[in-house]
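Written below as structure tokens is the structure these notes are about.
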Amino acid sequence: MNEVPGTPPATPLLPTVHGPADIKGLSAAELARLAQEIREELITVTSANGGHIGPNLGVVELTLALHRVFDSPKDHFVFDVAHQGYVHKLLTGRGGEFFRKLRQTGGASGFLYRPESAHDPFGAGHAGTALSAALGMATARDLRGTDEHVVAVCGDAAFTCGITLEALNNVVSATKRLIVILNDNEWSIAKNVGAISRYLNRLSTSRTYNKLHHNIEEFFKSFPVGAEMNRVYHKWKRETKDFIVESSLFEKFGLRYLGPVDGHNLDALLKNLEFAKHCDVPVLIHVLTKKGKGLEAAIEHPEKFHGSGPFDPITGESKKPAAGAPPNYQEVFGQALTRFAKVDPNIVGITGAMPSGTGLSLLAAGVPQQFFDVGIAEEHAVLFAAGMATKGFRPVCAIYSTFLQRAYDQVIHDVALQNLPVTFCMDRAGLSPNDGPTHHGLFDLAYLRCVPNATVMQPKDEDELVDMLHTSLQLPGPGFIRYPRGAGLGVRIKEQPMALPVGHAEVLREGSNIMIWALGNMVQDALKLADRLEAGENISVGVVNARFVKPLDRTLLLSHAACIPLLVTMEDHVLAGGFGSAVLEALQDADCATAVERIGWPDKFVDHGTSVEVLRAAYGLAPDDMRRRVLARWRNLSAERVAADV
Ligand SMILES: Cc1ncc(C[n+]2csc(CCOP(=O)(O)OP(=O)(O)O)c2C)c(N)n1
């Protein structure tokens, strides 16, 4: 912080802010000091815990201005994605220790979250929801006849989402009072893509538009300030601007366009928000911000610091993985796809704004003409893939499990119904612990298992992931491969991938009393569980790597069910409709009453937490819990069998 030499350091302001009321009386200098303290706190906490540091550093002044002008929680701020809500949390009584445990068990969620605060009117985590939700709130307000303000805070990449555009199309027919902030930093996670992004760039750099705007403002500033003058000024500005330069896209949708405004100039932000507050038409304020402002490394590497793991707060250096650490699944996927695409020009990779997260940036670097980033547009990504598949291409859609939820209709109606050969690589299947319920990939088996023509699989390690990709690229219809966040097991990756026999499981360890059927990343846990079950007990426990959930290896399953008293299923997925359910259905269809103990996630939204292990323990899935449950079931079964024999 800049201090005048010889003057005592000012008392920190941030600890005195317990709610928005505490910033209302601060002077301009104090607000600037508070902004600096907030940035320091953001860097301290995210450098330790990881988090969305870049987006939050960019919205410090904007969030301060929002809380200064509006009156939360009476007025509502709806943040798109809500990954940039840390500053809002710090200003709404969620600082101190709670914020220090950001994204950890018992600490603040990384997103807006209704149960966390009355200041979070709408939770999120997925992109593109703010404008629709805010419009719904504004319309509800109008129907109730109340007078609160609703402000949607949308990033520029939100305008690559179909839903945002659908909402934009409805704004004027729904309400006269809505404030939309377009927080334009030119970045999605990667550089923003598409025609709207290019348009915004032209709008914010158009010299004619901006010069005119500036000149009119200067002209009116020379008059005494008054409500009437203000009104005339804005009316005149509006009309003149529309007359002299083509009106903005937003004006064509019926919103009053204000800006572009320097998003780090508090005074300009306050003036524009004050004006918007008194408008009797929906308003969009185009705010230009710098992602990562206040942290050199984050400005230089906006993609890396969009959402980062822990890093050095001074240098921005991330913690390096230990030498010889296994590669991440997404890295293995990206490398394999690039290798395959180099020899087959029909293979293309498609991402919805997640090139680095999915590993597709490797494809972009290696075979750029076979790589497509379509923006945050999962529905379009899947349809686009379907279209390419009709022309003989082999598209690979790399979409996180949680985000594929958004394209469910396209999966069914456009890909599966027409049996088009699109491969879906669903990273982050299973837990995304620090992000929490919006990001856990715990539902994909349930929503895919019921889709005709789908082949659904999960590899036990990264080498099998490559085999599955290779296998899926030869299927006549859609293939879905799910795999977890983070590191693989460190197994050797074969030079030549193997085409797996579809619908066949792999027995890894024979057993005669209990057979564990495990899926994907649970196979390792199953092998450990088998050891722990056998230790000190007179039982024999086998393990199967299920590989395919659909089609399930019924032949092997029924052969086990015929001679093994207890089957256990293990999956990193909710129990309802998942892999264990598939096993139960297969047994039921064959009139087989073999006992099945299912291990998976309960019928609850799983919270955010410090790690997978911590969350598993919290939901009764720690190694000891699993052993206890299976043993109890085994003992009950044994007791029943003894009783039956008697
Ligand atoms: C449906 C969906 N797809 C992908 C993501 C991953 N994602 C999180 S933030 C983000 C970029 C957001 O960019 P923008 O809205 O411009 O905000 P900024 O981070 O630049 O402030 C993306 C793609 C998501 N959250 N939701």
From P395, P459, residue being part of a loop (DSSP other than H, G, I, E, B) and either among the polar types (S, T, N, Q) or in contact (Cβ under 8 Å) with a residue 24 or more places away in the chain (or both): P459
Restricting attention to the stretch 615-645, the residues that are part of a helix (DSSP H, G or I) and under 29 Å from the mean Cα position of the chain (by Cα) number exactly 5
Identify, by number, the condition in (1) over 22 Å from T129 (Cα atoms); (2) more than 16 Å from the ligand (Cβ to nearest atom); (3) in a helix (DSSP H, G or I) that H67 doesn't meet. (1)
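A130 - would you say it is open to solvent by less than 10 Å² (accessible area, probe 1.4 Å), over 20 Å from I53 (Cβ atoms) and within 14 Å of the ligand (Cβ to nearest atom)?
Yes: the conditions hold for A130.
Going by what's in this entry, would F99 be described as farther than 15 Å from I285 by Cβ, open to solvent by less than 10 Å² (accessible area, probe 1.4 Å) and either away from the ligand (no atom under 16 Å from the Cβ) or not in a helix (DSSP H, G or I) (or both)?
Numbers: farther than 15 Å from I285 by Cβ: yes; open to solvent by less than 10 Å² (accessible area, probe 1.4 Å): yes; either away from the ligand (no atom under 16 Å from the Cβ) or not in a helix (DSSP H, G or I) (or both): yes.
So F99 fits the description; yes.
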As an exercise: evaluate G25 against (1) open to solvent by 50 Å² or more (accessible area, probe 1.4 Å); (2) within 16 Å of the ligand (Cβ to nearest atom); (3) not aliphatic (A, V, I, L, M) and give the number of the one condition it does not meet. (2)
Restricting attention to the stretch 418-442, which residues are farther than 19 Å from M522 by Cα, more than 16 Å from the ligand (Cβ to nearest atom) and outside any strand (DSSP E or B)? Q418, N419, L420, P421, V422
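Quick check, is E296 out of contact with any Cys (no Cβ under 7 Å at 6 or more places or on another chain), within 16 Å of the ligand (Cβ to nearest atom) and among the acidic types (D, E)? Spell out how you get there, then give the answer.
Working: out of contact with any Cys (no Cβ under 7 Å at 6 or more places or on another chain): yes; within 16 Å of the ligand (Cβ to nearest atom): no; among the acidic types (D, E): yes.
No, not satisfied.
Only one of I189, I181 is over 14 Å from L288 (Cα atoms) and not hydroxyl-bearing (S, T, Y). Can you tell me which?
Selected residue: I189, the only one of I189, I181 that is over 14 Å from L288 (Cα atoms) and not hydroxyl-bearing (S, T, Y).
Conditions tested, residue by residue: (1) touching a residue at least 40 places away in the same chain (Cβ under 8 Å); (2) open to solvent by 50 Å² or more (accessible area, probe 1.4 Å).
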position: E331; (1), (2): no, yes
position: G349; (1), (2): yes, no
position: V374; (1), (2): yes, no
position: A381; (1), (2): no, no
position: F384; (1), (2): no, yes
On the given criteria, is T44 part of a helix (DSSP H, G or I) and either more than 16 Å from the ligand (Cβ to nearest atom) or surrounded by fewer than 19 Cβ atoms within 10 Å (Cβ to Cβ) (or both)? yes
Of everything in the stretch 521-544 that's surrounded by fewer than 23 Cβ atoms within 10 Å (Cβ to Cβ) and not in a helix (DSSP H, G or I), which residue is nearest to the chain's Cα centre (by Cα)? G542
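How many residues does the stretch 148-162 contain that are assigned to a helix (DSSP H, G or I) and near the ligand (Cβ under 9 Å from one of its atoms)?
Initial filter on the stretch 148-162 (assigned to a helix (DSSP H, G or I)): 156-160, 162.
Now restrict to residues that are near the ligand (Cβ under 9 Å from one of its atoms): 156-160.
Summing the residues that are assigned to a helix (DSSP H, G or I) and near the ligand (Cβ under 9 Å from one of its atoms) in the stretch 148-162 gives 5.
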Of the conditions (1) touching a Ser or Thr at 6+ places or on another chain (Cβ under 9 Å); (2) at negative phi; (3) modelled with pLDDT under 95, the single one that A323 does not satisfy is (1)
L90 passes all but one of (1) crowded, with 22+ Cβ neighbours inside 10 Å; (2) within 16 Å of the ligand (Cβ to nearest atom); (3) not in a loop (DSSP other than H, G, I, E, B); which number fails? (2)
Exactly one condition in (1) within 16 Å of the ligand (Cβ to nearest atom); (2) within 28 Å of A21 (Cβ to Cβ); (3) open to solvent by 40 Å² or more (accessible area, probe 1.4 Å) is not met by D142; state its number. (1)
Unmet criterion (only one of (1) without any contact (Cβ under 8 Å) to a residue 60 or more places away in the chain; (2) within 11 Å of the ligand (Cβ to nearest atom)) for F122: (2)
Hey, among the residues in the stretch 1-15 that are closer than 20 Å to L266 by Cα and loosely packed, with under 15 Cβ neighbours inside 10 Å, which one's modelled with the highest pLDDT? P12
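With respect to D120, is the statement that it is modelled with pLDDT of 95 or more, crowded, with 24+ Cβ neighbours inside 10 Å and touching a strand residue (DSSP E or B) at 6+ places or on another chain (Cβ under 6 Å) true?
Criteria not met by D120.
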Can you tell me which of (1) within 16 Å of the ligand (Cβ to nearest atom); (2) farther than 17 Å from A336 by Cα is the one K391 doesn't meet? (1)
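The values are calculated or read from the model by the stated rules, or taken from the named source; none is laboratory data. None of these values were measured; they are calculated from a predicted model. Because the Cβ atoms are built from the backbone with ideal geometry, glycine has one as well, and the counts that use them run over all protein chains shown. For accessibility, only protein heavy atoms count, side chains too; no ligands or nucleic acids. Shrake-Rupley method; radii C 1.70, N 1.55, O 1.52, S 1.80 Å.
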